[in-house]
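Notes for the one structure printed next.
The values are calculated or read from the model by the stated rules, or taken from the named source; none is laboratory data. Just so you know, these numbers come straight off a predicted model, no measurement behind them. Don't worry about glycine lacking a Cβ; one is built from the backbone with ideal geometry, like all the others, and counts go over all protein chains shown. These area figures cover heavy atoms from the full protein model, side chains too; ligands, DNA and RNA do not enter into them. Shrake-Rupley method; radii C 1.70, N 1.55, O 1.52, S 1.80 Å.
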Amino acid sequence: MSREKLQVKIGGMACSFCTETIKKGLGRMDGVAEVHVSLAHEEALITYDPDRVTPATLTDTLRSLGYAVRDPNKVRTFEEEEADLRRERDRLTIAGAAAWMAFLAMLLMWLGRYHPWIDRVMGALALLAVFGPGFYILEMAWASARRRILNQHVLMEVAAFGGLLGGGMGLVNPSFPSPDFFGVAVFVTAYHILGGYVSLLVRTRASQAVKKLLSLQPPTARVVREGTEMELPIDEVIEDDLVRVRPGEQIPVDGVVVEGASAVDESLVTGEPIPREKLPGHEVIGGSLNHSGTLLVRVTRVGEESFLQQVARHIQEARALKPGILLLLDRILKYFVPGVLAVGTAAFALWALGTWLGSGAPDWDRAGFAALAVFVMGYPCALGMATPLAMIRGGGEAARQGILMRSAAAFQALKDVSVVVLDKTGTITHGEPRVVEVAPVDGGDADALLALAASAEQVSEHPLGQAVVSAARARGFRLDRAETFEAIPGKGVRATVAGTPVLVGTLRFLAESGIDTHALVPIAGEHEAQARTVIAVATGGRAVGLVALADTVKDDAAEAIARLRGAGIEPVMITGDNARTAQAVANQVGIRHVLAQVLPAEKAERVRAFQREGTRVAMVGDGINDAPALMQADVGLAIGSGTDIAIESADIILVGERLTAVADAYHIARRAYRKTVQNLAVAFSFNGVGVPLASTGLIAPVWAMAAMAASVTAVLLNSFWGRLVPRFGRRAPALERVTLTIPSIHCEGCVTTIRETLGKLPVVVSVDGDPRSKQVTVTLRDGPDRRAAIEEALTRLGHVIGEE
């Protein structure tokens, strides 16, 4: 049997019960082998036999279930998402107006001002609500029911039609209070639409927050054909094309350098933190970042063979193998829905057949009243808001700490995690070279050596040279102007500083220039044994010392690891870097379990290995090579300053680079889950008591409406009571918003650089800026020297803070 895969984007999913509905609806079709659905990414991956079922039939089935089908390669625009919100808001407005009118009509009746027209008005309002704004729910319920799928839509329609039927019977039989039954139909529909709108609002705002982190630019390449440079979509690039890549751009293709020289950062692809020199004949990988020079690259791999396409294929495989998560609410509904239907049927049978056997005459009125009362009492209106409200509360708390939660499933899965796999480069470490030691020879002065090397490197575009200059400026050193400057690709720089010739570069470069490097060799060997990169410095014809650089760990990395272990979670480091470097970093931060020299394609498999042992796994990463593992993990957490593909593959995004946010997210998830449990307990408690009582045939439908109002009110109060009434003895977190005027801001790029730099500071929660007003607003959490930390970081970037 031949098998093919169909990937589709699905609109209209509200909860993990929707994912189960889709799985069952498609999985029962002839020719469908497997169905995997992701609620967070609103996607489905269907494995099917093309000889027995077509893609059109599969998408038609999805539409018949009440879901929208979209192109998976097309990103939804802000306007499209807002249009969906407006449509749901309009439905809610109509249903809400009907509910208010029904409430006023019933209030008149309860005050003793009953008029015959109330029955007809209530009937009209019930029909309006169920077949007007609520008609889409009816379509979804019918599509599910006829496929023997029982979900929240079916339960709601059972209650609504129970109300319509009871109200209709009341028009001819006074035993049935028709206004009460009609009122139930109006209110359950309105509450259901309200729950759907709240859920959509949460998902849409999370989606829009994530998109703000993405460039969302279509991938293109500058192709040189017959001497003419043109910008083409990446899909139109063919093998042997020549592609020009300028400094600061991402290399869009796999290929070989034919012209130019540059330092290329491959950390987001390979995990190697130190940029590599690329000269003619060297291979480059699509997705890596070109730093200092312009390259002309001959394309060697395109389509399915290219590195980025292989990553995309691994992400798709990971999506198919990702464990499903059925939310607590949906696990309860799985049994509650058939339970309500069974009790209603049993109540009818009891009062019809039971009384016939006992007295010889069936009590049809009481049997019908009992069954309908069970159905209208069986729908817990607050359940539609129990999980979204908990997510709003937890998501709001997370957002204030720079954490974006994409779905309720992320909350539930994260609280069960027992292993966190962390990428090394860019996650535990900064992902960029920094000066870690300055080693002069012959008793020289370390500060003078660093200042000399930085003076020579001032105009260099090489990332190692820029790291040396940044270190000197951070220490407040005065740098002399380089009177002459020459960069030798792959070797170093030759400059004249204060009238003296200076060489900065590799030991081989100095030796080739006639400098005696014997005194530097043993020192360089010691640093290289610690996985450091060394730069040799010579002036006046003699070697004066070395500058050692390395990818340093983040300031809060050790604290984050300690907090995770304190919560009972085992941290594991995974990297494509060599074992020696990986172990050195692990020892600094306190990680015991290290997976080194892991290829990008293998990271997801390592995560699956943990999952096969029954372990819930979270993955934290930022690079292209982390994306498949982020998708495969039960919960993927992406660093917000990382690549688009990593952010899109994750369930949770950590804005900035604060690693302690991983532990914060875990504890927020646990609190949000506890709040969800409390909300569901409140929502179902009213129904748990009401359904058995309704089966006696003695409970009027008005009590169903009372239960609705009471349960919704209780859930709202439980979710937000802490905000409405301050807790005694509990100090609110000390957050401070600081607005700084920075005259040296010229463009949006300046603001982006400031945002990325300040986001790395542990005390920074968020950064907003406006290049027109030249102002930056920074939200700071409690911590020592908060203001001084951001001022120092801005000074290192070369900015001067103006007067406020």
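Tabulated data
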{"read-out": "Residue list for the stretch 512-541, filter: assigned to a strand (DSSP E or B) and at pLDDT below 90", "value": "Thr533"}
{"read-out": "Residue that is modelled with the lowest pLDDT [pool: residues in the stretch 741-760 that are in contact with an Asp or Glu (Cβ under 9 Å, 6 or more places away or on another chain) and open to solvent by 30 Å² or more (accessible area, probe 1.4 Å)]", "value": "Lys760"}
{"read-out": "Residue among Leu165, Leu155 that alone is assigned to a helix (DSSP H, G or I), of a type outside the set (Gly, Ala, Ser) and open to solvent by 60 Å² or more (accessible area, probe 1.4 Å)", "value": "Leu165"}
{"read-out": "Options Glu437, Glu486, Glu457, Glu461: the member that is over 44 Å from the mean Cα position of the chain (by Cα) and of a type outside the set (A, V, I, L, M, F, W, C)", "value": "Glu486"}
{"read-out": "Scope the stretch 495-508; condition under 10 Å from Ala538 (Cβ atoms) and more than 46 Å from the chain's Cα centre (by Cα); matching residues", "value": "Pro501, Val502, Leu503"}
{"read-out": "Conditions (1) in contact with a Gly (Cβ under 7 Å, 6 or more places away or on another chain); (2) modelled with pLDDT under 90; (3) open to solvent by 60 Å² or more (accessible area, probe 1.4 Å); number of the one not met by Arg580", "value": "(1)"}
{"read-out": "Qualifying positions in the stretch 250-276 - open to solvent by 40 Å² or more (accessible area, probe 1.4 Å), among the charged types (D, E, K, R) and modelled with pLDDT of 85 or more", "value": "Glu259"}
{"read-out": "Meets criteria (buried (at least 22 other Cβ atoms within 10 Å of the Cβ) and in contact with a strand residue (DSSP E or B) (Cβ under 6 Å, 6 or more places away or on another chain)) for Gly545", "value": "yes"}
{"read-out": "Residues being surrounded by 15 or more Cβ atoms within 10 Å (Cβ to Cβ) and part of a strand (DSSP E or B) - total across the stretch 465-504", "value": "14"}
{"read-out": "Residue that is touching a strand residue (DSSP E or B) at 6+ places or on another chain (Cβ under 7 Å), closer than 22 Å to Thr189 by Cα and open to solvent by 40 Å² or more (accessible area, probe 1.4 Å), where the choices are Arg63, Arg89", "value": "Arg63"}
{"read-out": "Members of the stretch 488-506 that are touching a residue at least 60 places away in the same chain (Cβ under 8 Å) and either within 18 Å of Val534 (Cβ to Cβ) or among the small types (Gly, Ala, Ser) (or both)", "value": "Gly490"}
{"read-out": "Flag for Ala56 being modelled with pLDDT of 80 or more and either open to solvent by less than 30 Å² (accessible area, probe 1.4 Å) or of a type in the set (A, V, I, L, M, F, W, C) (or both)", "value": "yes"}
{"read-out": "Any hit, the stretch 455-462, residues being within 29 Å of Glu792 (Cα to Cα), open to solvent by 50 Å² or more (accessible area, probe 1.4 Å), aliphatic (A, V, I, L, M) and in a helix (DSSP H, G or I)", "value": "no"}
{"read-out": "Single condition Ser418 does not satisfy, out of (1) in contact with a helix residue (DSSP H, G or I) (Cβ under 8 Å, 6 or more places away or on another chain); (2) under 30 Å from Asn587 (Cα atoms); (3) among the small types (Gly, Ala, Ser)", "value": "(1)"}
{"read-out": "Count of the stretch 82-133 residues which are under 23 Å from Leu171 (Cα atoms), modelled with pLDDT of 85 or more and part of a loop (DSSP other than H, G, I, E, B)", "value": "1"}
{"read-out": "Qualifying residue in the stretch 558-570 (condition: out of contact with any Ser or Thr (no Cβ under 6 Å at 6 or more places or on another chain), free of Cβ contacts under 8 Å to residues at least 12 places away in the same chain and surrounded by fewer than 16 Cβ atoms within 10 Å (Cβ to Cβ))", "value": "yes"}
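To keep it simple, each residue is scored yes or no on (1) open to solvent by 10 Å² or more (accessible area, probe 1.4 Å); (2) modelled with pLDDT of 75 or more; (3) in contact with a Gly (Cβ under 7 Å, 6 or more places away or on another chain); (4) part of a strand (DSSP E or B).
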| site | (1), (2), (3), (4) |
| --- | --- |
| Thr387 | yes, no, no, no |
| Ala390 | no, no, no, no |
| Leu404 | yes, yes, no, yes |
| Ala409 | yes, no, no, no |
| Ala413 | no, yes, no, no |
| Asp416 | yes, yes, no, no |
| Leu422 | no, yes, no, yes |
| Thr425 | no, yes, yes, no |
